[in-house]
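The values are calculated or read from the model by the stated rules, or taken from the named source; none is laboratory data. These numbers come from a predicted model, not from an experiment. For neighbour counting, all protein chains shown are included, and Cβ atoms are generated from backbone atoms with ideal geometry for every residue, glycine included. Just so you know, the surface numbers come from the protein's heavy atoms only, side chains and all, with ligands and any DNA or RNA stripped out. Shrake-Rupley method; radii C 1.70, N 1.55, O 1.52, S 1.80 Å.
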Amino acid sequence: MRIPGEVLATGDEAIYQIATQAAGPAGRLPLTEDLLLNHPSGDLFGMTLNAGMGWKPEELGRKQFLILSTAGGVRAPDGRPIALGYHVGHWELGMLVEAAANELRRLGMLPFAGCCSDPCDGRTQGTTGMFDSLPYRNDAAIVFRRLIRSLPTRAGVLGVATCDKGLPAMMMALAGMRQLPCVLVPGGVTLPPARGEDAGAIQSIGARFSHGLISLETAAELGCRACATPGGGCQFLGTAATSQVVGEALGLSLPHSALAPSGQPVWTDLAARSARALCRLEEKGLTTGDLLTAASIRNAMAVHAAFGGSTNLLLHLPAIAHAAGLPRPTVEDWIAVNRQAPRLVDVLPNGPSHHPTVRVFLAGGVPEVMLHLRRLGVLDTSVLTVTGQTLAENLDWWETSDRRRRFRELLPQRDGVDPGQVIFSPEIARARGLTSTVTFPRGNIAPEGSVIKSTAIDPSVLDAEGNFRQEGPARVFVRERDAIAAIKKGRIQPGDILVLAGCGPLGTGMEETYQLTSALKHLPFGKHVALITDARFSGVSTGACIGHAGPEALAGGPIGKLRDGDWLRIVIDRRQLEGRVDFVGEGERRFSPEAGAQILAGRPSREDLAPAAELPEDTRLWAALQQAGGGTWGGCVYDAEAILRRLGAGPKIGGAFEPGSR
């Protein structure tokens, strides 16, 4: 076989102009007798490397700070793509890293930068790429922590991240650095198109086209401009935006930093001010261990409830707490918080008016919501934050700040929208019919529990008391591709209850199933179809979609024993935050949930139930380790002590972790 000549040879004569020596950097390292006698060789050789990379040798004694990011792709200086990233969320992050590094340099510090890029859940929807989505989070957190520890001379860490898995991974990494000062810089949001659809709606164009609701031409045009600007997370309060909100609510980010429009001066200014905050924390001797407490975790849960955040944070916030060495919030904790904290934010996808996230930022963002929550008494405002001050002091500043006044004035000027109609007072929210964010149904299908973003159920399918009730036949699938094919081909009818089993951690890495929920949202009959699954949902999912059903099918859960045509009942009380998902009939026969539980206990699991054939070995390992570490309700974490106990190794393989050693 002949290899093409252009692969083996080139006509460029410059390749033969090779140097074999160089003068090296001019100057002298700022060495001292103490450094030479008492410091490890790595510290000394580090200076040599720093000079070799071009930093002025006389400045190498400066205090060192590390900037980590999830940046992806290669941009030319004018922004043109040289090599694309995976998504817009990490495309512009290099600009934030540069702004922070320049500020550190201006402050007389020595900045370092490293990155671990992240995937896009939108890009992998409906593909085998989704099998790596949630497992990536744990792996990336490990990589970030290893990068931090691999620069032993760092005095603090700045984390820059935007999207669904990269940002939770970054928060897990920073939370684990309990003896270091750390600041989180959220990557902001992309803008919606002036004419067109948001990045959530656009993901349903295939389903809508299959039902004749849009033309090929319309789909092509709308799809082209849905990401109206080249950087930032999606324009809705999905997992990316919710993670930004939660990071700020934890006290890891500066006030009014979440959801800033990517690429604009307000966004790069945030990076510079975050660098200043990091240096200030280091000067004051404040570390992440001082900031992250059980109270700050609970504050973040309350803000999540007030925003109507993604159910994926039920996986991520326990993982952040675990990394910080704190108790992981339980289902009972989430229920208690959601009963106290009302939903106050009108934002995509929850409604009622579906404002994009940039409007939430202009309306005051996280601190504006926290002002309302403080008045309700549901926050602990004594917690410390990355400003070096308490949350109470931050909110006092925000309430009377020029920044608050001017940004809130911009919203009616730019979009003709009253900020009080984006972030409601509790009284207005109640009058507008907003309910608490999440409900945790149990029942004979999900005896360990499940979750639904009950605040996002279509109001037109609720009863007079505002509750959701549906009984209907099960339409059971064990592969998402078969379920979406059934929807596109018209085999799912109003009144059906779609069941997707075998898609939890053991089956598919707990894939996200947004192509199903987006199709149901944007098809006329979709609001009359419910969905129950042991998989999870995108943060932009809405409707009667119940996920995280446990035990999962491949762990012997009852959801894996359901058959086509089984009669199911769903009841969601959105005010009491209680619900049930039950098997209550076979054929023409109807029975109680208790009788249904006995029938399911006597049934074998479905014969077609098996892990996905394409499931990577990496994901199989992740599934086993996270199950040992507490499973879905424990945040899908790697709990080293629990895993060692399962292995029977105990102290024979390493001892207990020292605080701050993660």
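Of everything in region 112-136, what is in a helix (DSSP H, G or I), open to solvent by 40 Å² or more (accessible area, probe 1.4 Å) and farther than 20 Å from Leu167 by Cβ? Give them in sequence order.
Across region 112-136, the qualifying residue is only Thr128.
Inside region 72-111, can you point out the residues that are touching a Cys at 6+ places or on another chain (Cβ under 9 Å), within 17 Å of Gly187 (Cα to Cα) and open to solvent by less than 30 Å² (accessible area, probe 1.4 Å)?
Within region 72-111, Gly72, Gly85, His87, Gly89, His90, Leu93, Val97 qualify.
Counting only residues that are touching a residue at least 12 places away in the same chain (Cβ under 8 Å), give me the helices (runs of 4 or more DSSP H) lying completely in region 1-96 with at least 1 of them.
On the way: elements: 5-8, 33-38, 41-52, 88-91.
Of the helices (runs of 4 or more DSSP H) lying wholly inside region 1-96, those with at least 1 residues that are touching a residue at least 12 places away in the same chain (Cβ under 8 Å) span 41-52, 88-91.
In region 481-529, how many residues are touching a strand residue (DSSP E or B) at 6+ places or on another chain (Cβ under 7 Å), on the phi > 0 side of the Ramachandran plot and crowded, with 23+ Cβ neighbours inside 10 Å?
1
Right, Pro524: in contact with a Phe, Trp or Tyr (Cβ under 6 Å, 6 or more places away or on another chain), over 21 Å from Gly433 (Cα atoms) and assigned to a loop (DSSP other than H, G, I, E, B) or not? It would help to see each step written out before you state the result.
Values: in contact with a Phe, Trp or Tyr (Cβ under 6 Å, 6 or more places away or on another chain): no; over 21 Å from Gly433 (Cα atoms): yes; assigned to a loop (DSSP other than H, G, I, E, B): yes.
Against the criterion (in contact with a Phe, Trp or Tyr (Cβ under 6 Å, 6 or more places away or on another chain), over 21 Å from Gly433 (Cα atoms) and assigned to a loop (DSSP other than H, G, I, E, B)), Pro524 does not qualify.
Quick one: count up the residues across region 203-237 that are open to solvent by less than 30 Å² (accessible area, probe 1.4 Å) and touching a residue at least 40 places away in the same chain (Cβ under 8 Å).
Of the residues in that region, 9 qualify.
Tell me, please, whether a residue that is of a type in the set (Asp, Glu) and touching a Ser or Thr at 6+ places or on another chain (Cβ under 7 Å) can be found in region 261-269. Give the steps one after another, and end with the answer.
Here is the first cut: in region 261-269, the residues of a type in the set (Asp, Glu) are 269.
Okay, now just the ones that are also touching a Ser or Thr at 6+ places or on another chain (Cβ under 7 Å), so none.
Scanning region 261-269 turns up no residue that is of a type in the set (Asp, Glu) and touching a Ser or Thr at 6+ places or on another chain (Cβ under 7 Å).
Please verify whether Gly263 is over 16 Å from Asp164 (Cα atoms) and surrounded by fewer than 24 Cβ atoms within 10 Å (Cβ to Cβ), treating the condition exactly as stated. Walk me through how you get there before you give the answer.
Working: over 16 Å from Asp164 (Cα atoms): yes; surrounded by fewer than 24 Cβ atoms within 10 Å (Cβ to Cβ): yes.
Yes; evaluated as a whole, the condition is true for this residue.
Just a yes or no: is a residue in region 34-44 touching an Asp or Glu at 6+ places or on another chain (Cβ under 8 Å) and open to solvent by less than 80 Å² (accessible area, probe 1.4 Å)? I'd like the intermediate steps shown before the answer.
At the first step, the residues of region 34-44 found to be touching an Asp or Glu at 6+ places or on another chain (Cβ under 8 Å) are 35.
Okay, now just the ones that are also open to solvent by less than 80 Å² (accessible area, probe 1.4 Å), so 35.
The answer is yes, given that some residue of region 34-44 is touching an Asp or Glu at 6+ places or on another chain (Cβ under 8 Å) and open to solvent by less than 80 Å² (accessible area, probe 1.4 Å).
So which residues in region 280-299 are surrounded by fewer than 22 Cβ atoms within 10 Å (Cβ to Cβ) and closer than 11 Å to Val157 by Cα, if there are any at all?
Glu282, Thr287
In region 373-388, which residues are loosely packed, with under 14 Cβ neighbours inside 10 Å and either in a loop (DSSP other than H, G, I, E, B) or under 27 Å from the mean Cα position of the chain (by Cα) (or both)? It would help to see each step written out before you state the result.
Our first condition is that a residue be loosely packed, with under 14 Cβ neighbours inside 10 Å; within region 373-388, this holds for 375, 377, 382.
Correct list: Gly377, Ser382.
Quick check on my filter: what residues within region 53-62 are touching a Gly at 6+ places or on another chain (Cβ under 8 Å) and open to solvent by 50 Å² or more (accessible area, probe 1.4 Å)? Full working, then the answer.
The first filter runs over region 53-62 and keeps only residues touching a Gly at 6+ places or on another chain (Cβ under 8 Å), leaving 56-58, 62.
Selection gives Lys56, Glu58, Arg62.
Sort out which residues of region 347-375 are out of contact with any Phe, Trp or Tyr (no Cβ under 9 Å at 6 or more places or on another chain) and either more than 23 Å from Thr542 (Cα to Cα) or β-branched (Val, Ile, Thr) (or both), and write them in order of number.
Within region 347-375, Val358, Leu373, Arg374, Arg375 qualify.
Can you confirm whether region 397-419 contains a residue that is without any contact (Cβ under 8 Å) to a residue 24 or more places away in the chain, within 29 Å of the chain's Cα centre (by Cα) and open to solvent by 10 Å² or more (accessible area, probe 1.4 Å)? Steps first, please.
Pass one, region 397-419, residues without any contact (Cβ under 8 Å) to a residue 24 or more places away in the chain: 400-402, 405-406, 409, 412-413, 416, 418.
Next, from what is left, pick out any that are within 29 Å of the chain's Cα centre (by Cα): 418.
Filter again for open to solvent by 10 Å² or more (accessible area, probe 1.4 Å), leaving 418.
Checking region 397-419: at least one residue is without any contact (Cβ under 8 Å) to a residue 24 or more places away in the chain, within 29 Å of the chain's Cα centre (by Cα) and open to solvent by 10 Å² or more (accessible area, probe 1.4 Å).
Tell me which of these Val438 doesn't satisfy, since it passes every other one: (1) crowded, with 22+ Cβ neighbours inside 10 Å; (2) touching an Asp or Glu at 6+ places or on another chain (Cβ under 9 Å); (3) more than 23 Å from Phe525 (Cβ to Cβ); (4) not charged (D, E, K, R).
The number of the failed condition is (2).
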